[in-house]
Amino acid sequence: MIIATVFTTFTLLGFSEYPDLQIPLFLLFLTVYTVTVVGNLGMIMIIRVSPQLHTPMYFFLSHLSFVDFCYSTTVTPKLLENLVVEDRTISFIGCIVQFLLACIFAVSETFMLAVMAYDRFVAVCNPLLYKAVMSQKLCASLVAGPYSWGIVSSLTLTYFLLTLSFCGSNVINNFVCEHSVIVSVSCSDTYISQVLCFAIAMFNEVSSLVIILTTYIFIFVTVIKMPSAGGRQKAFSTCASHLTAITIFHGTVLFLYCVPNSKNSWLIIKVGSLFYTVVIPMLNPLIYSLRNKDVKESVRKLINHSIQTMEITQMFMD
């Protein structure tokens, strides 16, 4: 049965029920993906080449950008392909690999945001000890944690998916190989796989939110006690971008949890999944670049340096 399952193919319906929107949606998602790639890789490059951004905060931000880039690249190319071709099939191995990678990066982002909340907690509540506490060793460990747990969670869920058999209709009413849609087309008992997925998802969401809420309660109390209005404004501004990213990410996740499991909910689930997997990776670099003075200043210096280099090169050529 396992050997037969390996040669199984799935059909990702995606948005095929709207044939007139296939090309407009392709152009829209292609634009979103282009902005995602340029934004996240650009953020990583800016942080790497700008000495003033070589701090723990931007170290974590560069890894968030890396996760967003990988997450979007795992999902969006197949979505774009299915919008312009009639054959929307995907092999069982391809579907499992997509789920495996998407799960790794989704879980990694969940806890990367929690790590960034802890970083803001230390910066605001213990500014004098910030450099001592947030050592390179601790930063490396805090980054390794989300990746490691993402891999463990993904491999565990994938293992139980590999034990399922598929013998009937393998039509997936979504654009991505999510756990719920894979088990929905299985003809074997999926109880253990579903319970395990629910348990891991609940643990990830609750634990990360507890970390984030706890750190921001301490941050809020500390900021309120600051004597100067300028100090309070500076502290809030350093957390504004992160709070925006957290609100969008976890707001979307909680929204998907609240959608009732019915036939009429598939479109809502697909739109929510689309926002979660395709749009959010594009928004994060925009949020951090548009609201962050250090990033904007670094971009301005890089542009000026590039212009000066081009002018000097042109002078020598003349």
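The values are calculated or read from the model by the stated rules, or taken from the named source; none is laboratory data. Fair warning: this is a prediction, and the values are worked out from it, not measured in the lab. Positions of Cβ are backbone-derived with ideal geometry, glycine not excepted, and every protein chain shown enters the neighbour counts. With ligands, DNA and RNA removed, areas are computed over all heavy atoms of the protein, side chains included. Shrake-Rupley method; radii C 1.70, N 1.55, O 1.52, S 1.80 Å.
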Derived scalar couplings ³J(HN,Hα) [the range 113-124; Karplus, 6.51 cos²θ - 1.76 cosθ + 1.60; whole Hz; x for Gly, Pro]: 5, 5, 4, 5, 5, 5, 4, 5, 4, 5, 5, 8
Convex hull volume per residue in cubic angstrom - Cα atoms of the chain: 181
Percent RCO, i.e. relative contact order, over the chain, from Cα pairs under 8 Å lying at least 6 residues apart: 26
From phi via Karplus (6.51, -1.76, 1.60), per-residue ³J(HN,Hα) for the range 207-224 in Hz, x at Gly/Pro: 5, 5, 5, 4, 4, 5, 5, 4, 5, 6, 5, 5, 4, 4, 4, 5, 5, 4
Within the accessible area of the chain (1.4 Å probe), percent carbon and sulfur: 71
Residues CYS167 and THR31, FRET efficiency given R0 of 45 Å [Cβ-Cβ distance, rounded to 0.05]: 0.65
Reach of LYS131 by Cα under 27 Å, taken over lysines that are not fewer than 8 positions away in the same chain: LYS225, LYS234, LYS293, LYS296, LYS301
Top of THR158, THR73, THR247 by mean-square fluctuation, Gaussian network on the chain, Cα under 10 Å: THR247
Extended-chain gain in nm, criterion 0.36 nm per residue less alpha-carbon gap, PHE255 and VAL210: 14.4 nm
Rough spin-label spacing in nm, given labels placed 7 Å along Cα→Cβ, for THR89 and TRP266: 2.0
Qualifying lysines (Cα of each under 29 Å from Cα of LYS78; at least 8 residues distant if same chain): LYS263, LYS270
With all protein chains modelled, accessible area of MET202 [1.4 Å, Å²]: 70
Alpha-carbon Debye profile of the range 1-99, log10 I(q)/I(0) at 0.10, 0.13, 0.14, 0.21 Å⁻¹: -0.42, -0.63, -0.69, -1.01
Net length gained if the chain between ALA132 and GLN52 were fully extended (0.36 nm per residue, minus Cα distance): 27.0 nm
